[in-house]
1. When you check residue 17 against the structure, is it part of a helix (DSSP H, G or I) and either under 26 Å from residue 134 (Cβ atoms) or modelled with pLDDT of 50 or more (or both), yes or no?
2. Give the stretch 23-37 a look and list any residue that's outside any loop (DSSP other than H, G, I, E, B) and within 18 Å of residue 103 (Cβ to Cβ), or say none.
3. If the Cβ limit is 7 Å and pairs must be 6+ apart or interchain, which residue in the stretch 41-59 that is on the phi > 0 side of the Ramachandran plot and buried (at least 19 other Cβ atoms within 10 Å of the Cβ) pairs with which residue that is modelled with pLDDT of 95 or more and part of a strand (DSSP E or B)?
4. Is it true that some residue in the stretch 83-90 is within 14 Å of the chain's Cα centre (by Cα) and at pLDDT 55 or above?
5. Output yes when any residue across the stretch 117-124 is within 26 Å of residue 27 (Cβ to Cβ), crowded, with 19+ Cβ neighbours inside 10 Å, modelled with pLDDT of 65 or more and in contact with a helix residue (DSSP H, G or I) (Cβ under 7 Å, 6 or more places away or on another chain), and no when none is.
């Protein structure tokens with residue numbers, strides 16, 4: 001009986017560790033909901049599609065496997081920058097987290113700051129989408145032991 005209990009505890013520990021390791025992976029075809037971020041969510045959805053990131057963007061949070069949340073900001077060039085440098089390009093900042101809805105585990109987090117970005121928030125969203133795609137490809141690779 002004691003041996004059975006020890007085996008059962010060991011099996012549960014292995015299952016828990018394996019499940020935790022899977023919680024931070026983002027499988028291809030996962031459904032993702034993008035929380036409102038002051039209009040940046042539209043850029044993010046478009047960038048995921050443009051960069052061919054294999055995620056399905058859903059409009060209903062209850063149907064999502066993952067949630068993308070964060071913040072984004074765009075600063076227009078000030079008068080001094082325009083007068084002294086002749087540069088009218090905005091600066092874009094964004095920071096996002098991709099959270100596994102079932103476990104609450106943050107599967108991925110990334111931020112970006114783009115100075116003098118010609119397309120502002122669009123450029124930042126495209127960079128973030130590229131990083132998400134890279135993370136998903138890395139998740140698919142077999143783990144070396």
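1. Yes, satisfied.
2. Keep residues of the stretch 23-37 that are outside any loop (DSSP other than H, G, I, E, B), which gives 23, 31-34.
Within the stretch 23-37, 23, 31, 32, 33 qualify.
3. Listed by first residue and then by second, the contacts come to nothing, as the list is empty.
4. Within the stretch 83-90 (the criterion being within 14 Å of the chain's Cα centre (by Cα) and at pLDDT 55 or above), the answer is no, since none of the residues qualifies.
5. The first filter runs over the stretch 117-124 and keeps only residues within 26 Å of residue 27 (Cβ to Cβ), leaving 124.
Of the ones still in play, those that are also crowded, with 19+ Cβ neighbours inside 10 Å are 124.
Filter again for modelled with pLDDT of 65 or more, leaving 124.
The next check asks that each one be in contact with a helix residue (DSSP H, G or I) (Cβ under 7 Å, 6 or more places away or on another chain); those that pass are none.
The answer is no, given that none of the residues of the stretch 117-124 is within 26 Å of residue 27 (Cβ to Cβ), crowded, with 19+ Cβ neighbours inside 10 Å, modelled with pLDDT of 65 or more and in contact with a helix residue (DSSP H, G or I) (Cβ under 7 Å, 6 or more places away or on another chain).
The values are calculated or read from the model by the stated rules, or taken from the named source; none is laboratory data. Just so it is clear, the model here is predicted, and its values are computed rather than measured. Glycine also receives a Cβ, built like all others from the backbone with ideal geometry; neighbour counts cover every protein chain displayed.
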